[in-house]
1. Go through the range 262-282 and give me each residue that's small (Gly, Ala, Ser), surrounded by 11 or more Cβ atoms within 10 Å (Cβ to Cβ) and within 27 Å of the chain's Cα centre (by Cα).
2. Considering only residues that are surrounded by fewer than 21 Cβ atoms within 10 Å (Cβ to Cβ) and part of a helix (DSSP H, G or I), look in the range 114-140 and name the one that is farthest from the chain's Cα centre (by Cα).
3. If you scan the range 18-68, which residues turn out to be polar (S, T, N, Q), surrounded by fewer than 18 Cβ atoms within 10 Å (Cβ to Cβ) and on the phi < 0 side of the Ramachandran plot?
4. Could you please let me know if residue 81 is in a loop (DSSP other than H, G, I, E, B) and free of Cβ contacts under 8 Å to residues at least 60 places away in the same chain?
5. Any idea which residue in the range 84-104 is farthest from residue 214 (Cα to Cα), counting only those that are touching a helix residue (DSSP H, G or I) at 6+ places or on another chain (Cβ under 7 Å) and part of a loop (DSSP other than H, G, I, E, B)?
6. What pairs come up if the first residue lies in the range 147-172 and is within 18 Å of residue 78 (Cα to Cα), the second is small (Gly, Ala, Ser), and their beta carbons are under 6 Å apart, counting only those six or more places apart or on different chains?
7. Quick check on the range 93-112: of everything there that is aliphatic (A, V, I, L, M) and under 16 Å from residue 40 (Cα atoms), which residue is surrounded by the fewest Cβ atoms within 10 Å (Cβ to Cβ)?
8. Among the listed residues 120, 124, which satisfies the condition of being touching an Asp or Glu at 6+ places or on another chain (Cβ under 6 Å), touching a residue at least 40 places away in the same chain (Cβ under 8 Å) and not aliphatic (A, V, I, L, M)?
Amino acid sequence: MSAPDKAPPLFGLVLAGGRSTRMGRDKAALPYGDDTPQLERAVALLGKHVERVFVSVRADQAGDPLRARFAQIKDTHENIGPIAGLLAAQAQHPQAAWLVLACDLPLLDDASLTHLVSGRGAARAATAYRSSHDGLPEPLCAIYEPRSREALSDWVATGKECPRKFLSSADTALLDEPNPRALDNINTPREYGAAIDQVTAHGSSQSGARASTQSKHITVQYYALLREQAGRREEALITTAPTPRELYAELAGRYPFSLGADVLRVAINSEFGDWTAPLKDGDAVVFIPPVAGG
């Protein structure tokens, strides 16, 4: 009996070749919550999950002091957006799969990358998250296998540049986002300010609440109307929500729930609970709508 084929090695690529036109400042150099540039944070986060990490740059950025601190792959195509970085990486290391990460995702957490890598479909062309906003693939936090290289080159050769549309047409394994805010990208000063507020608020949680706001694995079950609106009866997810109330608010941003928490009951680990009870890793949560009729 032959051994199963070994998955190609997984390398990491942080896309830092953008011009940051809407931001008016280099997004790779922006700090969030401390003095660490976002590019440095992204490289460190990615490095936990791949064998090697590279930073994708334009040729004129190679000498930038921030980018020069890391191994680089220079774009070989101009004016085609982030897909240029992936094409250059695939050309330089064609035997590797690439976990591609945009450098403007300050809310991305380690748990989301762990979930993506663990759900990797190495026999597929790519593995990506299904956007919680529109259901389409998220191309800038995704894994591209070596077998996607030829198809991607052909795609660009026909004048197409959108990596999201490429993933939609390719053999892509799609995963649900465990944290729907993790892939919010920051493009404007206003968005940067909002992200700073969120990071700061998270970092200054009340004493004693730190454990409850860490990422945790939760199983959620939906009943009756909620099951219809979520399109599923159960799911496993990763969340930083400290209580069932915050968890329900998070899910209501993903699904078209029409019921407020005040009309629901919540059960934690098969026992009816309080909406403010702290959630723990491994908890099973059930949201129960009111029973129809009198």
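The values are calculated or read from the model by the stated rules, or taken from the named source; none is laboratory data. These numbers were taken from a predicted model, which means no experiment stands behind them. Here the Cβ is made from the backbone with ideal geometry for all residues, glycine too, and neighbour counts use every protein chain on show.
1. From the range 262-282, those small (Gly, Ala, Ser) are 267, 270, 273, 277, 282; that's our starting set.
Narrowing further to those that are surrounded by 11 or more Cβ atoms within 10 Å (Cβ to Cβ): 267, 273, 277.
The answer is none; no residue qualifies.
2. Across the range 114-140, the extreme among qualifying residues is 118.
3. Filtering the range 18-68 down to residues polar (S, T, N, Q) leaves 20-21, 36, 38, 56, 61.
Now restrict to residues that are surrounded by fewer than 18 Cβ atoms within 10 Å (Cβ to Cβ): 20-21, 36.
The answer is 21, 36.
4. Details: in a loop (DSSP other than H, G, I, E, B): yes; free of Cβ contacts under 8 Å to residues at least 60 places away in the same chain: no.
Taking the combined requirement at face value, the residue does not satisfy it.
5. Going through the qualifying residues, I end up with 94.
6. If the second residue must be small (Gly, Ala, Ser), the pairs left are 161/81.
7. Residues of the range 93-112 that are aliphatic (A, V, I, L, M), as a first pass: 96-97, 99-102, 105, 107-108, 111.
Those left that are additionally under 16 Å from residue 40 (Cα atoms): 100-102, 105, 107-108.
Numbers: 100: 25, 101: 26, 102: 23, 105: 23, 107: 19, 108: 22.
Ranking the candidates gives 107 first.
8. None of the others qualify; the one that does is 124.
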